[in-house]
1. Which shape class applies to region 291-474: rounded if a/c is under 1.5, otherwise prolate when a/b exceeds b/c and oblate if not, where a ≥ b ≥ c are the square roots of the Cα gyration tensor eigenvalues?
2. Which ³J(HN,Hα) values in Hz, rounded to whole numbers, follow from the phi angles of region 13-28 under the Karplus curve 6.51 cos²θ - 1.76 cosθ + 1.60, where θ = phi - 60° and Gly and Pro get x?
3. For Leu147, enumerate residues with amide H under 5 Å from its amide H, sequence gap 5+ or separate chain, H modeled in the peptide plane.
4. Once a ≥ b ≥ c are taken as the square roots of the eigenvalues of the Cα gyration tensor of region 6-282, is the result rounded (a/c under 1.5), prolate (a/b larger than b/c) or oblate (a/b not larger than b/c)?
5. If you compute Rg/Rh (Cα atoms, Kirkwood Rh) for the structure shown, which of (i) 1.09; (ii) 0.96; (iii) 0.99 do you land on?
6. As a footprinting exposure proxy, order Phe123, Phe309 by other Cβ within 10 Å, with the fewest listed first.
7. Which of the three applies to region 304-396, rounded, prolate or oblate, going by the alpha-carbon gyration tensor with a ≥ b ≥ c and a/c under 1.5 meaning rounded?
8. Could you count how many Lys pairs in the chain have their Cα atoms under 15 Å apart, skipping same-chain pairs fewer than 8 positions apart?
Amino acid sequence: MGIRTGQQYLEKLNAMTPHVVIDGEVVSEKVAEHPAFRNVARSYARLFDMQHDPKYQDALTYTSPTSGDLVNASFLVPKTVEDLERRRRAISTWAESSNGFLGRSGDYMNSSLTALSTADEWFSQADPKFGENIRNYYEWARENDVLATHTLIPPQANRSVSGSEQLGGQLSARIVEEREDGIVIQGARMLATIAPIADELLVFPSTVLRGTPEDAPYSYAFAIPNDTPGLRYLCRTSLYNGGSTHDEPLASRYEEMDAVAVFDHVFVPNERIFMLGNPQLCNGFYSETGAGALMTHQVVTRTIAKSEFFLGLASELADSIGIDGFQHIQEDIAELIVDVEIGRALVRAAEVDAALNGAGVMLPKWSTLNAARNWYPKVAQRFPQIIRKFSASGLMALPGEADVNSDARTDIEMYLQGKSLTGPERVRLFKLAFDASVSGFSGRQSLYEYFFFGDPVRMAGAMVNSYDRGPVRARVREFLNRTD
């Protein structure tokens, strides 16, 4: 089959029968038509359609080595630096189309599956069949252009104890039965972003397991269809309020739903199990297979597009009301320029310094990507602050689209015009600024980016412990011992 169209994606989504709970309602059919999911589903459909557009097809696709069909380039196993660059061009193409606001586009989990499919030796430490299962699943996902999401961590109930100890071990999703034909899962997991509009749910290790026998029931990796019996999704309230693309330009397109995944005796067949038990192995699921490197390569590429968007938005705002000549404004624009260029430099450096792993996969340099994923979540918090600073009270003087198209238009044209924009044009620009910096949608975006890879403090500690500081410390000691 190869690459899908947007229509094929929407038809498949509407044919599924998941159990999605949102605002007291259970949605179990025609998910792509529900008001909370309709618009973002169509934004994802647009990504699928781009694969068929001659303008983007060369960047977004490559020829499958098994079927000969065109498949998404995020499934390409990189063997050279040029392959990494090709993957980045594909990721950038999608990211730029959504300005980095779609954090769970298919290329994210595709990157994980691509690396995992090559890690036979690592999986063989547990059982060779797991490596075979993940390889078969990767090929199936590639050939069917599957959109997958994932869930990683136990619910946030009592973080002072491990997941296996919360509520006597009854809270976190765990294996409650092992059968000849598969396993049964009971409990809950966080946080499944885009779950209602995905084809598949990947349930991967949390990587914070203690490696004790008590953690074995919580140690697994598997994939299930989004409408598997017993799987329920508990969604938060939508941050899209039903406005037009004029009044809610970002939320109306890119409101990716987050959900808690509840497993009520969910059966997982053997062929869809990629790891079972082995808590210590599970802790290396990303770092030792290359999955973490390819996933982070995708994320850093996406966030460059988002940084570029905020640079563009800040520049448009400054010009629109004539503040672009003020030095304190230029200082903030310079900060955004620096952020864009640092992001570009980090991803390129990671590619240039890439190396083959034991499976012959060309992986971008991890220490560089690790620096990027520790740096961006913090600098990104400044982006909405800068937009609020530039816009100031203009964010509160915003009539809606209905007002622009009413008898009030004359007043809007007269009193809300900008230096370089008409009144209606300025209102539209500032509506975008509002959605990017003040709205509930923007608040969720900031939180999402800040905790994307986990607790920043724990991430910093992990970076310190994994970074080889020996050579630079040796230089200091050598300098101290100099006598000349």
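1. Details: a/c = 2.88, a/b = 2.57, b/c = 1.12.
Taking the square roots of the gyration eigenvalues as a ≥ b ≥ c, region 291-474 is prolate.
2. Once θ is set to phi - 60°, the couplings for region 13-28 become 4, 6, 7, 7, 10, x, 10, 10, 9, 8, 6, x, 10, 9, 9, 9 Hz.
3. Amide H to amide H, under 5 Å and 5 or more residues apart or across chains, Leu147 pairs with Asp199, Glu200.
4. Numbers: a/c = 1.87, a/b = 1.18, b/c = 1.58.
In terms of gyration-tensor shape, oblate.
5. Given (i) 1.09; (ii) 0.96; (iii) 0.99, the structure-derived one carries the label (iii).
6. On the way: Phe123 24, Phe309 21.
Neighbour counts put them in this order, fewest first: Phe309, Phe123.
7. Working: a/c = 3.66, a/b = 3.06, b/c = 1.20.
Since a/c reaches 1.5 and a/b is larger than b/c, the shape of region 304-396 is classed as prolate.
8. Numbers: Lys12/Lys30; Lys79/Lys365; Lys306/Lys378; Lys389/Lys431.
Qualifying lysine pairs in the chain: 4.
Just so you know, all these numbers are worked out from the coordinates, no wet-lab data involved. Not measured: the values here are computed from a predicted model. In this analysis, Cβ positions are derived from the backbone assuming ideal geometry, glycine residues included, and neighbour counts consider all displayed protein chains.
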